[in-house]
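Report on one structure; see the data block that follows.
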Amino acid sequence: MTYWLLNALTATRLLVCAPVWFWCWWRRPRRMVLWMSLAFAWCLLSDHFDGAWARQYGLTSELGFW
C-alpha cells in the first residue's frame, strides 16, 4: 500500500461526493435522500478504510492526521 493509493482513495471523496451533493442541492431530485445517503456512506467508508490502512502500513503523515 502506498501513499498514492491512499491519496487516490481520499480524492474520490472530493471527486464523487462533492458533485453529488451540489447536484442534489441544485436540482433537488426526487430521490435526493437516497443520493445524499449514498454519498455520505461512501465518505464514511472511504475515510474509515483510508485511516485503518494508513495506520496498518505505517503511512501516517501530518496532513493525514488532520
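The values are calculated or read from the model by the stated rules, or taken from the named source; none is laboratory data. On a predicted model such as this, the values are computed, not experimentally measured, just so you know. In this analysis, Cβ positions are derived from the backbone assuming ideal geometry, glycine residues included, and neighbour counts consider all displayed protein chains. Side chains are part of the model used for accessible areas, which takes the heavy atoms of the whole protein and leaves out ligands, DNA and RNA. Shrake-Rupley method; radii C 1.70, N 1.55, O 1.52, S 1.80 Å.
Which pairs have Cβ atoms under 7 Å, sit 6 or more apart or on different chains, and link a residue in segment 1-27 that is under 19 Å from Ala54 (Cα atoms) to one that is open to solvent by less than 80 Å² (accessible area, probe 1.4 Å) and modelled with pLDDT of 80 or more?
Leu6/Asp50; Leu6/Ala54; Leu9/Ser46; Leu9/Asp50; Thr10/Asp50; Thr12/Ser46; Arg13/Cys43; Arg13/Ser46
Every residue in segment 18-31 that is at pLDDT 80 or above and surrounded by 11 or more Cβ atoms within 10 Å (Cβ to Cβ), please.
Ala18, Pro19, Val20, Trp23 - these are the residues of segment 18-31 that are at pLDDT 80 or above and surrounded by 11 or more Cβ atoms within 10 Å (Cβ to Cβ).
For segment 46-60, how many residues are open to solvent by less than 60 Å² (accessible area, probe 1.4 Å), part of a loop (DSSP other than H, G, I, E, B) and touching a residue at least 12 places away in the same chain (Cβ under 8 Å)? Please lay out each step first, then the result.
Filtering segment 46-60 for residues open to solvent by less than 60 Å² (accessible area, probe 1.4 Å) gives 46, 50-52, 54, 58-59.
Imposing the further condition that a residue be part of a loop (DSSP other than H, G, I, E, B) reduces the set to 58-59.
Next, from what is left, pick out any that are touching a residue at least 12 places away in the same chain (Cβ under 8 Å): 59.
Here the count works out to 1.
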